[in-house]
Amino acid sequence: MQLSEARPSGLGAAALTFVSGNLFLALLCAQPAGAVDPCGFNCDLPGNDIAAFAGGTPDQCAAACRQNGGCNAWTWVKPGYQGPAPVCYLKNPIPRARGAACCISGYVLR
């Protein structure tokens, strides 16, 4: 059995592994369509709101974005920043991210 590996560098690089004549391709930094790529905690995506709703969790906010074909990103504002309840904002196009303790944000890769 022959094992060889090639690992190109750079964003979106692919790792190629050959095992017993079979090719296995693992994409780095790639996810299937509809996957959520989090911007993360303490991250706001200000502006470009296409919808908003009060309540829910960050996971529910991300799910709402995945289910809305026009949504490319979301921001969930923690309770106490814009009132007593959390607020979810769905976005398109994706705004520029900025650090902010108020929020958790993510992208939907389509």
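The values are calculated or read from the model by the stated rules, or taken from the named source; none is laboratory data. Worth saying up front: this structure is predicted, and the values here are computed from it rather than measured. Neighbour counts are summed over all protein chains in view; Cβ atoms, including those assigned to glycine, are modelled from backbone coordinates with ideal geometry.
I'd like the full set of residues that are free of Cβ contacts under 8 Å to residues at least 40 places away in the same chain and hydrophobic (A, V, I, L, M, F, W, C), limited to region 63-94. Talk me through it step by step, then tell me what you get.
Taking region 63-94 first, the residues free of Cβ contacts under 8 Å to residues at least 40 places away in the same chain are 63-64, 67-88.
Correct list: Ala63, Ala64, Cys71, Ala73, Trp74, Trp76, Val77, Ala85, Val87, Cys88.
Quick check on region 85-105: of everything there that is basic (Lys, Arg) and in a strand (DSSP E or B), which residue is nearest to Ala52 (Cα to Cα)?
So in region 85-105, the residues basic (Lys, Arg) come out as 91, 96, 98.
Keeping just the survivors that are in a strand (DSSP E or B) gives 91, 98.
On the way: Lys91: 9, Arg98: 19 Å.
Filtering region 85-105 for residues that are basic (Lys, Arg) and in a strand (DSSP E or B), the one nearest to Ala52 (Cα to Cα) comes out as Lys91.
Yes/no matrix, rows are residues, columns are (1) modelled with pLDDT of 95 or more; (2) in a loop (DSSP other than H, G, I, E, B); (3) surrounded by 17 or more Cβ atoms within 10 Å (Cβ to Cβ):
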site: Val36; (1), (2), (3): no, no, yes
site: Pro46; (1), (2), (3): yes, yes, no
site: Ala52; (1), (2), (3): yes, no, no
site: Cys65; (1), (2), (3): yes, no, yes
site: Cys71; (1), (2), (3): yes, yes, yes
site: Trp76; (1), (2), (3): yes, no, yes
site: Gly80; (1), (2), (3): yes, yes, no
site: Gly83; (1), (2), (3): yes, yes, no
site: Tyr107; (1), (2), (3): no, no, yes
